[in-house]
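The structure under discussion appears below in the form of structure tokens.
Just so it is clear, none of the values below were taken in a lab; they were calculated from the coordinates. Worth saying up front: this structure is predicted, and the values here are computed from it rather than measured. Heads up, the Cβs are rebuilt from the backbone with ideal geometry, glycines too, and the neighbour counts pull from every protein chain shown.
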Amino acid sequence: MLHHPIQSVPVRTTQRACEVAWFSDLCGEDTEFLSVRDPARSTFAHCRTIALKADQLGFNNLLLPTSYMVGQEVIPFAGGVAPDLTQISLLTAIRCGELHPPMLARTLASLDHMLQGRLTINIINSDLPGYREDANFRYQRCAETIQILKQAWTQDRIEHDGPVYGKISLDTAPVRPYQQHGGPLLYFGGTSDGARDVCARYCDVFLMWPESEEMLYANMQDVAERADRLGRTIDFGLRIHVIVRETEAEARAWSTHIMSKFDPVRGAALKNASQSSWSLGVKRQNELRQMADSDGFVEPLLWTDIGKARSGAGGALVGSADQIVEKITRYMDMGMRSFIFSGYPLIEEADYFASLVLPKLPTISLSVQQGRRPQT
């Protein structure tokens, strides 16, 4: 943990409040026991129930992940649940390269209208399913995709000329989003220099996976400095799991419960099925787990055994309600403004978090407070 007074890095959201998001696991990993798949939890109906529950409980946003795994695909799922949601935003993961960028801009604009402006975008820069692609090519494709999206949402024409997508000249009348002041906010995460540069140059929120406080703070300082050199300021967020109960002992007991049927062979197979299992970010999560004590903790409350059975974010905050609130407060003091939580299983853990933690946090919607939506 940080052993010196925390000073917030420069952030675009100066208000000391946080966007609190939950997670609907479209990728078929929602379960009560890590490494044990539960096919009933990967259906459209189940994932829709998670979305409705998060909306009802008062979460600001909901991450919808993308992966070539059993489960639901992001954009059709988001469109399918949009009419049933009342206040929650959807943080919709979009992998660059899957759709021609002008049509992606139009697709997302349509979704933005379905949600009446409650759309945020998680830009994914991973390999396309079935490929192992050159990293520099992926960063270039990602940058061009974002450039085209921004032109489509803010200008009268798309005028693009780049090595990946070539020359594009199009009127943007068919692409106008509901959010008329820049379009949906762009969230982006990554460990490499290329990923951090893309986020600093183009995006609104830099998302991180679990790390020690020292490493998280160093990552934030690095990306904030990159953005500052470009005359920009961005926000920071954390994607992490959580187990919260009335007492720390109860929370730790549940962590033991969800690992009680863990099988290392099945866990490795599930983890390696993910398209991101070989990424630098996942490698760093694996390294973090090697630093843990015999109970899987790398620092107070930060438990890493979840990374044994899943790719992506491999750590969880485990503790009492007061401990979790204190930890989130420390993160906010560092400058974090967006938190994406989840737990096993998702619906039951959403109830625990919403009753024990959510009422104690000063919450905002980043897209609303930044004035990105039209006045209605």
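In whole angstrom, and with the biggest value first, how far do the Cα coordinates of segment 210-249 range along each principal axis?
Computed over segment 210-249, the largest-to-smallest principal extents equal 46, 16, 12 Å.
Taking loop as defined by DSSP and a crowding limit of 11 other beta carbons within 10 Å, which chymotrypsin sites (Phe, Trp or Tyr not before Pro) in segment 63-155 fit? Walk me through the numbers on the way to the answer.
On the way: sites: Tyr68, Phe77, Tyr131, Phe137, Tyr139, Trp153; in loops: Tyr68, Tyr131.
Loop-located and lightly packed - Tyr131.
Which order do Val265, Val11 fall in if you start with the one that has the fewest other Cβ atoms within 10 Å?
Fewest-to-most Cβ neighbours within 10 Å comes out as Val265, Val11.
For the chain, with a Gaussian network of springs between Cα atoms less than 10 Å apart, report the residue from Ala17, Ala273, Ala51 with the top mean-square fluctuation.
Ala273
Which net charge results for the neighbourhood of Val164, defined as the other residues with beta-carbon distances under 12 angstrom from its beta-carbon, given Lys and Arg at +1 and Asp and Glu at -1?
-1
Among Asp193, Asp204, Asp30, whose mean-square fluctuation peaks in a Gaussian network model of the chain (Cα, cutoff 10 Å)?
Of Asp193, Asp204, Asp30, the Gaussian network model singles out Asp193 as fluctuating most.
Separation between the Asp156 and Asp84 pseudo-spin-labels, each 7 Å from Cα along Cα→Cβ, expressed in nm?
Taking the two extended label points, one gets 4.3 nm.
Give the dimensionless ratio obtained when the Cα radius of gyration of segment 116-155 is divided by 2.2 N^0.38 Å.
Rounded to two decimals, the normalised Rg is 1.41.
Work out, step by step, the length gained on full extension between Ser169 and Phe137: first 0.36 nm times the residue separation, then minus their alpha carbon distance; give nm to one decimal. Don't skip to the answer; put the middle values down first.
Working: separation 32, 0.36 × 32 = 11.52 nm, distance 2.23 nm.
9.3 nm is the gain from fully extending Ser169 to Phe137.
Is the C-alpha gyration tensor of segment 1-134 telling us rounded, prolate or oblate? Criteria: a/c under 1.5 is rounded; beyond that, a/b larger than b/c is prolate, otherwise oblate.
Rounded is the answer for segment 1-134, as its axis ratio a/c remains below 1.5.
Restricting to DSSP loop positions (anything but H, G, I, E, B) with no more than 12 other Cβ atoms inside 10 Å of their own Cβ, which chymotrypsin sites (Phe, Trp or Tyr not before Pro) remain in segment 181-264?
Hits after loop and neighbour filter: nothing returned.
Using only the Cα atoms, what convex hull volume per residue in Å³ does segment 286-366 have?
Numbers: hull volume 9.6 nm³, N = 81.
Convex hull volume per residue, Cα atoms: 118 Å³.
When only Cα pairs under 8 Å and 6 or more residues apart are kept, what is the percent relative contact order across segment 63-172?
After rounding, I find 23 percent.
Using the crude model of +1 on Lys and Arg Cβ and -1 on Asp and Glu Cβ, and no other charge, please compute the dipole size for the chain relative to its Cα centre, in debye to 20.
Values: 38 positive and 44 negative charges, 155 e Å.
Result for the chain is approximately 740 debye, rounded to the nearest 20.
Which percentage, to the nearest 5, of the DSSP beta bridges contained in the chain is antiparallel?
Values: 10 of 48 bridges.
Beta bridges within the chain, antiparallel portion: roughly 20 percent.
Once the Cα gyration tensor of the chain is found, what semi-axes does its equivalent ellipsoid get, as square roots of 5 times the eigenvalues, in whole Å, sorted largest first? Don't skip to the answer; put the middle values down first.
Values: eigenvalues 193, 99, 92 Å².
Largest first, the chain gives 31, 22, 21 Å.
Let me know the whole percent of all Cα-Cα pairs from segment 147-287 that are separated by more than 21 Å.
The proportion of pairs with Cα distances above 21 Å equals 62 percent.
Within 10 Å of each residue's Cβ, count the other Cβ atoms and sort Thr14, Thr49, Thr120 from fewest upward. Don't skip to the end; give the middle numbers.
Working: Thr14 11, Thr49 16, Thr120 28.
Listing Thr14, Thr49, Thr120 from fewest to most nearby Cβ atoms yields Thr14, Thr49, Thr120.
Restricting to Cα pairs below 8 Å that are 6+ residues apart, what does the relative contact order work out to for the chain? Please round to a whole percent.
24 percent
What's the exposure ranking of Lys261, Lys308, Lys167, going from fewest to most Cβ atoms within 10 Å?
Arranged by neighbour count, lowest to highest, Lys261, Lys308, Lys167 become Lys167, Lys261, Lys308.
Tell me, what is the percent relative contact order of segment 227-351, built from C-alpha pairs under 8 Å that lie six or more residues apart?
Working: 172 pairs, mean separation 48.8, N = 125.
Over segment 227-351, the number comes to 39 percent.
Once you place label points 7 Å from the Cα toward the Cβ at Glu326 and Asp228, how far apart are they in nm?
3.1 nm
What does the helix-only formula give at 222 nm for the chain: each DSSP H stretch with n ≥ 4 adding -39500 (n - 2.57), the total divided by the residues, and the result rounded to the nearest 500 deg cm²/dmol?
Only helices count here, giving -12000 deg cm²/dmol.
Using DSSP to define loop residues, name the trypsin sites (Lys or Arg not before Pro) in segment 60-149 whose beta-carbon has at most 14 other beta-carbon atoms within 10 Å. Please list the in-between numbers first.
Numbers: sites: Arg95, Arg106, Arg118, Arg132, Arg138, Arg141; in loops: Arg118, Arg132.
Passing sites in segment 60-149 are Arg132.
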